[in-house]
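Novice: Below are the structure tokens for one structure; questions will follow.
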Amino acid sequence: MDKKKKDQLWAEAKKKCCLNQETIKMAKEMGLNPMSLIKNIPNKTQQWKAPVHVWIQEMYEKRQEKAAKKALGKATQDKPKD
């Protein structure tokens, strides 16, 4: 897929999902693609589903916490015992 087509898909996802640049940056960092965001737009019958921007932010925060714990665990393992 060429860059122009990819940019068009991201613009479409931004418009349909009511996303801002920060949320799009988070989605790209996590490796999500624009079609997966569009597919996760909640329907009227899916009241339990969070809006896409909230879903992305929650998932990003969870991944950041997990990465921080993993880094902290590695730091304590690498520390030599006296």
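The values are calculated or read from the model by the stated rules, or taken from the named source; none is laboratory data. Note that the structure is predicted; figures quoted are calculated from it, not measured. Positions of Cβ are generated from backbone atoms using ideal geometry, with glycine treated the same way; all protein chains shown enter the neighbour counts.
Novice: Which of the helices (runs of 4 or more DSSP H) found entirely inside the stretch 2-43 contain at least 3 residues meeting this: more than 19 Å from residue 63 (Cβ to Cβ)?
Specialist: Here the list reads 3-17, 34-39.
Novice: Another one. Please determine, by comparing only the residues of the stretch 41-58 that are touching a helix residue (DSSP H, G or I) at 6+ places or on another chain (Cβ under 9 Å) and surrounded by fewer than 17 Cβ atoms within 10 Å (Cβ to Cβ), which one is modelled with the highest pLDDT.
Specialist: 57
Novice: Considering only residues that are among the aliphatic types (A, V, I, L, M) and under 20 Å from residue 41 (Cβ atoms), look in the stretch 1-17 and name the one that is surrounded by the fewest Cβ atoms within 10 Å (Cβ to Cβ).
Specialist: 11
Novice: Determine which member of the set 64, 47 is in a helix (DSSP H, G or I) and of a type outside the set (Gly, Ala, Ser).
Specialist: It is 64.
Novice: Would you mind stating whether residue 72 is aliphatic (A, V, I, L, M), touching a Lys or Arg at 6+ places or on another chain (Cβ under 9 Å) and part of a helix (DSSP H, G or I)?
Specialist: So residue 72 fails the test.
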